[in-house]
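Some notes on the structure that comes next.
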Amino acid sequence: MDHGVWVPFLHVWPKAGIPILQMSMPYSMPDRELFELGQLLKPLRNNNVLIVGTGVITHNLHTVDPRHSGAPPDWAAAFDQWVANTLVTYEYDKLLDWQSQAPHAKMNHPSPEHFRPLFIAAGAAQRETVSFPITGFEWGSLSRRCVQFG
């Protein structure tokens with residue numbers, strides 16, 4: 001399994017007592033189509049299938065500092081807060097246009113693959129309640145924000 005699956009589930013279900021089906025991320029699919037793919041997967045939730053998109057709200061590894069213990073950089077905090085606000089207000093058109101709408105989008109994601117799983121999960125949830133069971137930053141600029149739908 002890819003590290004995007006085994007690392008989170010190592011912590012969530014360490015005894016691996018549940019079946020997991022890993023899907024490859026359709027790299028060439030536009031963001032809106034990823035959201036639509038999530039919408040197609042939504043009925044699986046009625047059969048007790050948990051849809052998980054693993055990624056990172058901020059992911060600029062050139063700025064990571066394991067010794068950093070202070071506040072995150074403004075560009076990371078602004079992007080993280082923009083994502084949270086966009087999700088809780090269901091402004092999915094803005095979310096899907098994140099590269100031109102979000103503050104410091106390119107600084108937070110020099111390449112988009114770690115942000116894009118969010119579109120599938122949001123599409124599967126659509127207008128369900130959004131919460132953030134984990135927030136904060138580590139290593140300076142890495143958001144720890146965990147998004148939960150429903």
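One table, with the values for the structure above:
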{"item": "Length released on extending from LYS42 to ALA71, taking residue separation times 0.36 nm less the Cα-Cα span", "result": "6.7 nm"}
{"item": "Net charge dipole size for segment 1-113 [Lys, Arg +1 and Asp, Glu -1 on Cβ; Debye, nearest 20]", "result": "360"}
{"item": "Percent breakdown of C-alpha pair distances by 10 Å bin, ordered from the shortest bin, for the chain", "result": "11, 40, 37, 12, 0"}
{"item": "GNM flexibility winner over the chain from LYS94, LYS42, LYS15 (Cα, springs under 10 Å)", "result": "LYS15"}
{"item": "Distance between segment 98-144 and segment 43-80 - C-alpha centres, whole angstrom", "result": "6"}
{"item": "Residues in segment 39-80 reached by a label modelled at VAL88 [backbone nitrogen below 17 Å; 7 Å Cα→Cβ]", "result": "77-80"}
{"item": "Gain in span if fully extended, HIS62 to VAL5, counting 0.36 nm per residue against the direct Cα distance", "result": "18.2 nm"}
{"item": "Ranking of TYR27, TYR92 by count of other Cβ atoms within 10 Å, fewest first", "result": "TYR27, TYR92"}
{"item": "Calculated FRET efficiency for the pair GLU128/ALA16, C-beta based, R₀ 25 Å, to 0.05", "result": "0.35"}
{"item": "With at most 15 other Cβ atoms within 10 Å, longest stretch of the chain clear of loop GluC sites (Glu not before Pro) (DSSP)", "result": "1-90"}
{"item": "Sequence of SER141, SER28 once ranked by neighbouring C-beta atoms within 10 Å, starting from the fewest", "result": "SER28, SER141"}
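Bear in mind these aren't lab numbers, they're just calculated from the coordinates by the rules spelled out. Keep in mind that this is a model prediction, so the values were computed, not measured. Here the Cβ is made from the backbone with ideal geometry for all residues, glycine too, and neighbour counts use every protein chain on show.
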